[in-house]
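Chemist: Here it is, the structure in full.
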Amino acid sequence: MKKTLFIAGLSVLVFGTAEAQQKKAQPKKEQPSTKQEDVMQVLNSGLSTDPRFAWKIQQDEAQRICSQYPSREVMPGQAIQKVIQLSQADIRYPQWGIFWGDWREGKKIVDNPRGGRFASYGFSDSPTDRGGNCYACHLIEKGLPGGTMGPNLYQYGKRWNITKENMNTPEALERVKIVYNIIYNSWSAFPCSSMPRFGHNGALSPEDVMNIVTFLLHPDSPVNK
């Protein structure tokens, strides 16, 4: 009896293992891409039919690529590289180039939760408020509440190893440029991210973006205290 039970148990183990290996060996199914007409149907259903708002549902090329996939994790490498290429080509810099701005002005923009509104009283094609609403997604200053959807930015400049002694060196300014690019158009580093493309959308000017970067990285900023 015991021998019979042992053989039966062994059979279950062998066949169960073989079945598991067979399932494991099966190639992963590719995620079907989303059709552009389906994307437009969703966009059209959520916005006013007022023709003055028609421009808001016109996707640029990078958005059209991102909308084909449920997440960046399933995007093919070629699509990811194309979004990065388009986004990097879109970046514009301040008239003085890459250099330090005013961290106090940057703090005002970071603190303002009303940024990027395209209408206030009546209709406007231009943003009416300069603000990043950054605390909605990030922890930034010590002791101040913030969101956790994005990375923690407290002591961000220290993490980039920027000090008063080296802040004007070519190496430090190159780090400033990297952070500037992310804030101006986040898709230049993180394709299809949910972070707003502040510079691309015209919500913030190049000077605004540089002041935000200065607020995050400057050794005198409260972010790095």
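Any read-out appearing in this document is the output of simple, stated calculations on the displayed coordinates, not a laboratory observation. Remember, it's a predicted structure, so these values are computed and weren't measured experimentally. Using ideal geometry, Cβ is built from the backbone for each residue, glycine included, and neighbour counts are taken over all protein chains shown.
Chemist: Decide, for region 134-225, between rounded, prolate and oblate: order the square roots of the alpha carbon gyration tensor eigenvalues as a ≥ b ≥ c, take rounded if a/c falls under 1.5, and otherwise choose prolate if a/b is larger than b/c, else oblate. Kindly include the intermediate steps, with their values, before the conclusion.
Modeler: On the way: a/c = 1.84, a/b = 1.18, b/c = 1.56.
The shape class here is oblate.
Chemist: Which order do the peptides 88-97, 59-68, 182-191 take when ranked by the mean count of other beta-carbon atoms within 10 Å per residue, highest first? Please report the intermediate quantities before stating the final value.
Modeler: Working: 88-97: 12.8, 59-68: 16.8, 182-191: 21.6.
Result, highest mean first: 182-191, 59-68, 88-97.
Chemist: Taking the mean number of other Cβ atoms within 10 Å as a proxy for protection, how do you rank 99-108, 76-85 from highest to lowest?
Modeler: Numbers: 99-108: 18.0, 76-85: 14.4.
Taking the mean over residues of other Cβ atoms within 10 Å, the ranking is 99-108, 76-85.
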